[in-house]
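Here's the structure, in C-alpha cells; my notes come after.
The values are calculated or read from the model by the stated rules, or taken from the named source; none is laboratory data. Treat the numbers as computed from the prediction; the structure is a model and nothing was measured. Cβ: placed from backbone, ideal geometry, glycine included. Neighbour counts: every protein chain shown. Only protein heavy atoms, including side chains, enter the accessible area calculation; ligands, DNA and RNA are left aside. Shrake-Rupley method; radii C 1.70, N 1.55, O 1.52, S 1.80 Å.
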Amino acid sequence: MKEILYISPEFKNSRGGIGLCVNNYAQFMPTFKVLVTNGFRSKFLNFIYFPVCVCHLFFKLIIDKDIKIIHIHGASKGSFYRKYILFIMVRRIFRKKVIYHMHGGGFRDFYNDSPLFIQKRIRYMIHSSDLLICLSQKWKDFFSEAFYPKRIEILNNMVLPPVNTDRIESKRKFRLLFLGLIGDNKGIFDLLEVIAENKEQFGKQLILKVAGNGEIIRLEKRIKELEIDKIVKFQGWVDAKKKEELFRSSDALILPSYKEGLPLSILEAMSYGLPIISSDVGGIPDLLLTHKNGILLEPGNKLSIQQSIMSLVNNKDLVEKFSKRSIEGVVEFYPQSVLKKLNSIYDEL
C-alpha cells in the first residue's frame, strides 16, 4: 500500500521475530515502503547508521506525499529509544497518523525498571499513537490497565503456510526442537539442566536439537560441562531451508521462556503440526489453552519441564492429538486472516 510506511529492523534476512513478521507482510503487498532502523549485526555500526536513518525519514516524508500512516514495529530498550526519536519527528513535524506495533515480550519489565524520565517518554508514545497494536489478549489487558491508548487492537502475528509438511520419520528416539534466541530469557539453560539431571532416562529416549543465535559459546560450553553432547545437538543459526527440515524431522517444539510476546517459532511449529511445550507467559496461553495443542508450564520450573517432556515421549496418542490441533489452530495466523484485519485497520485510520 503506497499510503503506508513501515519502520522496522532489517527484515529480508532477519534473525529476529520482528524482521520476520515485516518480511511476511512484504511478500503480500505490491507496494511496500519501509525504513530500516538497524540493518547491521554490530551495535556500533547500527549506532553510527541511525543518524542516516533519521535524515532518510525526514527527506522521505518531504518527497513522498502519498504516505499517510507510519507503522512502527517496536520492542524494548534500544528498539524503543530509536523508534521514539523517529516518532517525535513524525508526529510533531509531519503530523502523520502513527501505529505503534508492540512486539517485545519484555516490555512490562522494561517499563517498570526504567527511570521516571524514560517512563514518561514511554507513556507519551503510547498515549499519542493513533493506534496501539499488541499480540494477545493478555498484552491488551496490560496496556489498557497501565496506559491510556487512544485505541488498541490485537493483531495476530502472521506466519506463512509451509510448502512441504511431509514428515521425516524416525523410529529411534523422540525428537524435541528448541528454536530461538540462545539466552536465559528463553529458558534454554534450564532445559539443559533438566536434560543433565535426567541423563540416564533421556539418553535412551530423547534427542534435543537446539537452533538459534545469541550466547552460542556459553551454550556449547554448558553442553560439554554437563556431558550431554550425545543427547543435545546444536544446529547453529538456521536458514529457511534448514528450518523447514528441522520442523519436518521433529516430534515437538519446546520453548520454556520467561518473557514472550507471541513467538513466531511456535506458530511456525504449529503449521508443521508439532505439539508445543511452552511457558505460561505473554500470548502463549491464548494459543495453547484455546487450541489445546500442547502443554503449559511455569517458567523456571524444572520438574514441570521434565514431566512435560516425558508426557509426550510416552504417549503417541497425545502427540497425534496435539499435532492435529496445532494444524487446525494455526489457520487464523495465515495471511488471508491477518491481512484482512490489518487492511481494515489501515482503511479506518
Here the qualifying pairs (Cβ atoms under 6 Å; residues six or more apart or on different chains; first in segment 29-55 and more than 22 Å from residue 213 (Cβ to Cβ); second open to solvent by less than 40 Å² (accessible area, probe 1.4 Å)) come out as 32/26; 33/5; 34/6; 35/7; 35/57; 53/37
Out of 303, 289, I need the residue that is open to solvent by 50 Å² or more (accessible area, probe 1.4 Å) and at pLDDT 95 or above. Which one? 303
The correct count of residues that are open to solvent by 20 Å² or more (accessible area, probe 1.4 Å), modelled with pLDDT of 95 or more, within 26 Å of residue 20 (Cβ to Cβ) and not aliphatic (A, V, I, L, M) in segment 83-109 is 3
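Given the condition more than 27 Å from residue 114 (Cβ to Cβ) and open to solvent by 40 Å² or more (accessible area, probe 1.4 Å), answer yes or no: does some residue in segment 32-43 qualify?
yes
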Every residue in segment 110-131 that is open to solvent by 60 Å² or more (accessible area, probe 1.4 Å), touching a residue at least 12 places away in the same chain (Cβ under 8 Å) and more than 17 Å from residue 145 (Cβ to Cβ), please. 121
Considering each of 244, 260 in turn, give the residue that is among the acidic types (Asp, Glu), assigned to a helix (DSSP H, G or I) and over 20 Å from residue 205 (Cα atoms). 244
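One line per residue, one yes/no per condition, for (1) within 15 Å of residue 96 (Cβ to Cβ); (2) surrounded by 15 or more Cβ atoms within 10 Å (Cβ to Cβ):
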{"residue": "4", "(1), (2)": "yes, yes"}
{"residue": "27", "(1), (2)": "no, no"}
{"residue": "59", "(1), (2)": "yes, no"}
{"residue": "66", "(1), (2)": "yes, no"}
Can we say residue 254 is of a type in the set (Val, Ile, Thr) and either more than 20 Å from residue 138 (Cα to Cα) or open to solvent by 10 Å² or more (accessible area, probe 1.4 Å) (or both)? yes
Count, please, the residues in segment 237-251 that happen to be in contact with a Ser or Thr (Cβ under 9 Å, 6 or more places away or on another chain) and over 16 Å from residue 20 (Cβ atoms). 3
Quick one: which strands (runs of 3 or more DSSP E) sit completely within segment 172-237 and have at least 3 residues that are in contact (Cβ under 8 Å) with a residue 60 or more places away in the chain and open to solvent by less than 10 Å² (accessible area, probe 1.4 Å)? 174-179
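Give me a count of the residues in segment 88-126 that are more than 20 Å from residue 181 (Cβ to Cβ) and touching a Gly at 6+ places or on another chain (Cβ under 9 Å). It would help to see each step written out before you state the result.
Let us first name the residues in segment 88-126 that are more than 20 Å from residue 181 (Cβ to Cβ), namely 88-100, 111-112, 114-126.
Now narrow it down to the ones that are touching a Gly at 6+ places or on another chain (Cβ under 9 Å): 100, 125.
The number of residues fulfilling the criteria is 2.
Residue-wise test of (1) among the hydroxyl-bearing types (Ser, Thr, Tyr); (2) within 26 Å of residue 199 (Cβ to Cβ); (3) touching a Ser or Thr at 6+ places or on another chain (Cβ under 9 Å); (4) outside any strand (DSSP E or B).
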site	(1), (2), (3), (4)
290	yes, no, no, yes
305	no, yes, no, yes
318	no, yes, yes, yes
327	no, no, yes, yes
330	no, no, yes, yes
